[in-house]
Structures are given as structure tokens and as C-alpha cells.
Amino acid sequence: MKYIFLLCMGLLFLGIPVNAQFNEKPILNLENEDKALLNWGYFLGFNQYDFKFNYKNDPGDTDILVSKSIGFNVGLIGEMRINEFLDLRFEPGLLYNARTLGFPGFTEESDAIREVKSTYINFPLLIKASARRFGNWKPFLIGGASASLNLGSNETALDDNSSGTFRMKKWVYNYELGFGIDFYLEYFKFTPSIRGVFAISDELVPDNDPNSPWTGNIDGLRTRGFFINFTFE
């Protein structure tokens with residue numbers, strides 16, 4: 001529900017005349033907006049990242065805990081029209097988020113807590129499948145694959161969790177799925193959307209000790225998260 005709330009608040013904040021968009025016979029804005037071969041824009045938004053853990057042995061009730069926070073997204077959009085209903089999109093962006101991991105079995109907070117700050121440069125290639133335009137709005141589904149460069153990965157660090165350093169791989173490969181609505185305003189097209197991102201590659205760099213109390217029982221670690229983006233084209 002928090003994602004829907006943020007989306008609605010974004011619409012109210014930006015003053016989008018939603019009621020006018022859904023009138024039976026609205027004055028059509030930007031009638032030729034989608035007919036060009038190439039379109040450009042930018043996006044701003046929020047994200048929330050989590051981790052999915054796979055374990056070598058059943059941890060029972062001693063799972064690693066993840067405390068999530070709200071991060072931000074900003075980026076550019078390049079879109080190529082395929083036909084009336086399909087577009088190919090490239091959306092390079094900068095994504096920032098912080099997660100806190102709580103490891104069981106430790107008495108000292110300095111051993112039990114690891115803060116994972118991630119700054120991703122994301123390179124998604126997506127297909128946007130739209131419905132027919134209804135007046136000044138048009139719903140769509142979007143999905144595809146992405147590669148993300150994690151600038152805060154610590155992959156090459158010699159220190160590991162025994163020295164307080166949690167390490168992840170620099171490159172992450174994901175698939176992304178989402179939906180949204182294009183609103184055709186008088187001077188630009190505004191698009192709120194919600195998207196899920198799911199890593200398909202293992203991101204963990206294990207500790208040097210194979211029996212490490214932090215990573216010894218982890219078989220795989222993958223990011224999953226949600227984006228709420230506001231696009232201007």
C-alpha cells in the first residue's frame with residue numbers, strides 16, 4: 001500500500017488534473033506525441049531494495065534480517081517506436097539505496113550489523129506494450145532486462161566481514177516488470193509507473209574463511225526491489 005500512497009501523493013504534488021484526463025470527450029493534447037520514431041525524456045523517483053537469501057543449510061529461525069529504506073532514482077529515457085502499441089526503451093539511470101543487515105548469533109553490535117550502501121548505475125533495455133490511447137491517457141505494461149554497476153560493491157577489497165566490510169559483486173543482472181499510465185498534458189507527457197526489479201545473478205562475494213559466521217551458510221544473495229518513477233517526455 002505504501003507504493004500506491006507514494007504514487008498518489010506524487011500526482012497530487014505535481015498538480016496533475018486527473019479528472020480532466022478521464023472526461024468522455026477531452027480536448028486532445030499532444031496528438032502527435034507518439035508518432036515520432038524517437039522520443040526523449042527523463043525520470044525521477046523512489047526505490048526500496050531488499051535481499052533474497054538462499055542458504056546452504058536451513059537456518060531455522062536465525063535468518064539474516066534486512067532493514068529497508070527509501071532511496072531515489074534519476075535518469076534519462078530514449079525511446080524508439082516499433083508500432084502503435086510497442087516501443088523499445090533505454091533508461092540509463094543512477095539509483096541510490098541503503099540496506100542494513102542483521103546477522104544472528106553475535107553479541108556485539110559491531111559484528112551483528114552491516115550497513116550496505118549501494119549506488120547503482122542501471123542500464124535497462126525494455127519493451128513497453130501500450131493499450132490504445134483513451135483521450136489523454138494510455139495504460140501500459142513494461143518489462144525487460146538490465147545490467148547494474150554497483151559503485152559501492154567493495155568487490156576488490158581485501159578486507160571482509162571479519163574486518164567489518166561486506167562485499168558484493170560490481171555487476172548485477174536483473175529482469176524488470178512494471179506498469180503505468182501515460183498522461184498527455186498540454187505541454188508534455190507525464191507518466192507515473194511502478195516497477196519491480198529482480199536480480200538473476202548471485203551478488204555475494206564470500207568471506208575469505210569458507211566457514212565464516214557471516215557468509216559461510218549463504219548459497220546466494222540477490223537484490224529485489226520496487227521503483228516508483230515519474231517520467232517527463
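The values are calculated or read from the model by the stated rules, or taken from the named source; none is laboratory data. As the structure is a prediction and not an experimental result, all values here were calculated from the model. Cβ sites come from the backbone with ideal geometry, for glycine too, and all protein chains shown count toward neighbours. For the accessible areas, the whole protein counts, side chains as well, though only heavy atoms, and no ligand, DNA or RNA atoms are used. Shrake-Rupley method; radii C 1.70, N 1.55, O 1.52, S 1.80 Å.
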Next on the checklist: Using a 7 Å offset from the Cα along the Cα-to-Cβ direction at both residue 70 and residue 155, what is the distance between the two label points in nm, to one decimal?
Outcome noted: 3.1 nm
Item to check | For volume of the Cα convex hull per residue in Å³, calculated from these coordinates, the label among (i) 129; (ii) 182; (iii) 111 | outcome: (i)
Checklist outcome for this item: The rounded separation in angstrom of the Cα centers of segment 49-77 and segment 174-233 is 10 Å
Checklist outcome for this item: the chain: relative contact order from alpha carbon pairs under 8 Å, six or more residues apart, as a whole percent, is 22 percent
Checklist outcome for this item: Rounded to the nearest 10 Å², the 1.4 Å probe accessible area of residue 188 is 70 Å²
Item to check | DSSP loop trypsin sites (Lys or Arg not before Pro) with at most 13 other Cβ within 10 Å: longest gap in the chain | outcome: 133-233
Checklist outcome for this item: Magnitude of the Cβ-charge dipole (Lys and Arg +1, Asp and Glu -1) of the chain about the Cα centre, nearest 20 debye, reported as 800 debye
Next on the checklist: At 1.4 Å probe size, put 203, 33, 84, 115 in order of accessible surface, largest to smallest.
Outcome noted: 115, 84, 33, 203
Checklist entry - With every protein chain in place, what's the accessible area of residue 74 (1.4 Å probe, Å², nearest 10)? => result 60 Å²
Checklist entry - Sorted by accessible area (1.4 Å probe), largest first, how do 119, 107, 215, 156 line up? => result 107, 156, 119, 215
Checklist entry - Taking the chain as a Gaussian network, Cα atoms linked when under 10 Å apart, which of 76, 88, 158 shows the biggest mean-square fluctuation? => result 158
Checklist entry - Given springs between every Cα pair under 10 Å in a Gaussian network model of the chain, which of 150, 97, 217 has the largest fluctuation? => result 217
Checklist entry - Rounded if a/c is under 1.5, else prolate if a/b beats b/c, else oblate: with a ≥ b ≥ c from the C-alpha gyration tensor eigenvalues square-rooted, which is segment 140-233? => result prolate
Item to check | Computed E for residue 88/residue 108 - FRET, C-beta separation, R0 45 angstrom, nearest 0.05 | outcome: 0.30
Item to check | Mean residue ellipticity (222 nm) of the chain, computed from DSSP H runs ≥ 4 via -39,500 (n - 2.57), nearest 500 | outcome: -2500 deg cm²/dmol
Checklist entry - Among 199, 54, 30, whose Cα sits farthest toward the positive end of the charge dipole of the chain (+1 at Cβ of Lys/Arg, -1 at Cβ of Asp/Glu, about the Cα centre)? => result 30
Item to check | segment 93-233 - percent of accessible surface contributed by carbon and sulfur, probe 1.4 Å | outcome: 59 percent
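When only the heavy atoms of the protein chains count and the probe is 1.4 Å, how do 111, 87 rank by accessible area, highest first?
Highest to lowest solvent-accessible surface, that is 111, 87.
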